[in-house]
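Notes to accompany the following structure.
The values are calculated or read from the model by the stated rules, or taken from the named source; none is laboratory data. It should be emphasised that the depicted structure is a prediction, and the values quoted were computed from it without experimental measurement. Cβ coordinates were reconstructed from backbone atoms using ideal geometry, including for glycine residues, and neighbour counts include every protein chain displayed. Heads up: the accessible areas ignore ligands, DNA and RNA and are worked out on the full protein's heavy atoms, side chains in. Shrake-Rupley method; radii C 1.70, N 1.55, O 1.52, S 1.80 Å.
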Amino acid sequence: MLQMGGGSQERVAALMRGGIDATLADALLEPIMVKRGFFVLRGRPTPFMNGPIAVKRSYLAGQRSTLKKFVKAFSDATRYLIDNKEGTMRPLTQLLNSNDSQAVDFAYQYLHANSEATLYPPDDAVKNLIRMSAYMDKKLGTISVNRVVDLSILDELGTKRNQRGQK
């Protein structure tokens, strides 16, 4: 086991160079890895919060209006990704650093199916986070959900949970 810096792209690059034998990687990279001849083990999806927005409480208190604008822009960008395939494909091609149309289309379909513009984390993901935290400290297993996430800005923006329905 090696501790490596960077994200999925760096780990997959190390895998392709032969520096490592296995890695965890973002699902968006699956078609690229399969085409390179790697075996991809896809497990049962587990509810996690992907890309949470985390700030200090002091920043939230002192810069609430700035944070609210950021959250609104992030939500709008996510809505654009969901609603505008054509406009999303070029930046996605750049992100994946691949002109492989099948790989880029797979990535778009994955993001489209798993993105929620309301930004509300799935309830199961928050419960899973609390459960996993209890592995480190049993007391954390009893923490209430409202101590883990503050959804007040989402509520202020008037977003509704599950606008696209349950996935």
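Within region 130-139, the residues that satisfy the criterion of being open to solvent by 70 Å² or more (accessible area, probe 1.4 Å) and among the hydrophobic types (A, V, I, L, M, F, W, C) are Met132, Met136.
Residues in region 1-39 that are assigned to a loop (DSSP other than H, G, I, E, B), within 20 Å of the chain's Cα centre (by Cα) and touching a residue at least 12 places away in the same chain (Cβ under 8 Å): Met4, Gly7, Thr23, Leu24, Ala25, Asp26. Here the condition is being of a type outside the set (Lys, Arg), touching a Pro at 6+ places or on another chain (Cβ under 8 Å) and open to solvent by 60 Å² or more (accessible area, probe 1.4 Å); of Pro91, Pro122, it holds for Pro122 alone.
Can you say whether Val55 is without any contact (Cβ under 8 Å) to a residue 24 or more places away in the chain and either in a helix (DSSP H, G or I) or touching a Leu at 6+ places or on another chain (Cβ under 7 Å) (or both), as far as the supplied structure shows? Yes: the conditions hold for Val55. For Thr88, the conditions (1) within 25 Å of Glu156 (Cβ to Cβ); (2) within 17 Å of the chain's Cα centre (by Cα); (3) β-branched (Val, Ile, Thr) all hold with the exception of (1). Candidates are the residues of region 61-84 that are open to solvent by 80 Å² or more (accessible area, probe 1.4 Å) and charged (D, E, K, R); the one that is farthest from the chain's Cα centre (by Cα) is Lys69. In summary, helices (runs of 4 or more DSSP H) completely within region 61-167 and bearing 2 or more residues that are under 24 Å from Ser8 (Cβ atoms) and without any contact (Cβ under 8 Å) to a residue 40 or more places away in the chain occur at 64-83, 85-96, 101-114, 123-136. Scan region 39-60 and give yes if some residue there is open to solvent by less than 90 Å² (accessible area, probe 1.4 Å), in contact with a helix residue (DSSP H, G or I) (Cβ under 8 Å, 6 or more places away or on another chain) and more than 30 Å from Asn146 (Cβ to Cβ), otherwise no. Yes, region 39-60 contains at least one residue that is open to solvent by less than 90 Å² (accessible area, probe 1.4 Å), in contact with a helix residue (DSSP H, G or I) (Cβ under 8 Å, 6 or more places away or on another chain) and more than 30 Å from Asn146 (Cβ to Cβ).
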